[in-house]
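Computed from the coordinates by the stated procedures, all read-outs in this text should not be read as laboratory data. From a predicted model like this one, the values you see are computed outputs, not experimental measurements. Please note: Cβ atoms are built from the backbone with ideal geometry, for glycine as well, and neighbour counts cover all protein chains shown.
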Amino acid sequence: MRPGPGEVLHFSEDSTIERFAPHVAATAAQSEAYVWAVGAERCPDYWFPRQCPRAMAWVTLTTTVADRERIIGAGSGTRVHAIEYSWLPALRSVRLYAYRLPAAQFRPIGSPVSHALVTTEPVTPLGPPEPVGDLLALHEEAGIQLRVLDNLWPFWDCVIISTLGFSGIRLRNAKPRM
């Protein structure tokens, strides 16, 4: 599930949203109200239940061969996502929807690399939400490894000191460190 030309996506478990209004999330680091979306490159970050903690890593131009082989594996693609076993039932059963939004309203946010797109204006979707479908199949079709781990922290600790690109979402919902 990726956006088409001139589109960005917003993923949600709510299929009834008719208009997105800017808001400040309870966990937001910034004080400005936004509507959030992602472009094609960051869509896989959201192929999960909303509250599911996930650790993600991918090859970048500066990734070393040693880090790629150690964390992703030799000849195993360029990206890996990890979740905990306790989240596997939710990943398999969640009804996730993608809303297509007009890209022209959004600007990148994040530094030094943009991780999302935002707007401070209300946004009306370009059409009805689309069911995302089988999230395991989506990962497979995209060539993204999906690892299911007992605990995310050992994987995360390796990733954040590597030369890979990485992102952690909802890590506060992960099991405690071992």
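Summary of computed values
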{"item": "Inter-label distance, nm, simple model (7 Å from Cα along the C-beta direction), ALA40/GLN145", "result": "2.5 nm"}
{"item": "Contact order relative to length of the chain, as percent, for alpha carbon pairs under 8 angstrom and 6 or more apart", "result": "34 percent"}
{"item": "Loop-located trypsin sites (Lys or Arg not before Pro) in segment 14-62 whose Cβ has at most 12 other Cβ within 10 Å (DSSP)", "result": "ARG19"}
{"item": "Computed [θ] at 222 nm, helices only, for the chain once each DSSP H run of length n ≥ 4 contributes -39500 (n - 2.57)", "result": "-2500 deg cm²/dmol"}
{"item": "Gyration tensor (alpha-carbon) shape descriptor, segment 7-173, a/c threshold 1.5", "result": "prolate"}
{"item": "Rounded, prolate or oblate (a/c below 1.5 giving rounded, otherwise prolate when a/b exceeds b/c) for segment 1-81 by Cα gyration tensor", "result": "prolate"}
{"item": "Centre separation in Å (Cα based) which lies between segment 55-112 and segment 9-36", "result": "20 Å"}
{"item": "Lys, Arg +1 and Asp, Glu -1 on Cβ, resulting dipole of segment 45-126 about Cα centre, debye, nearest 20", "result": "200 debye"}
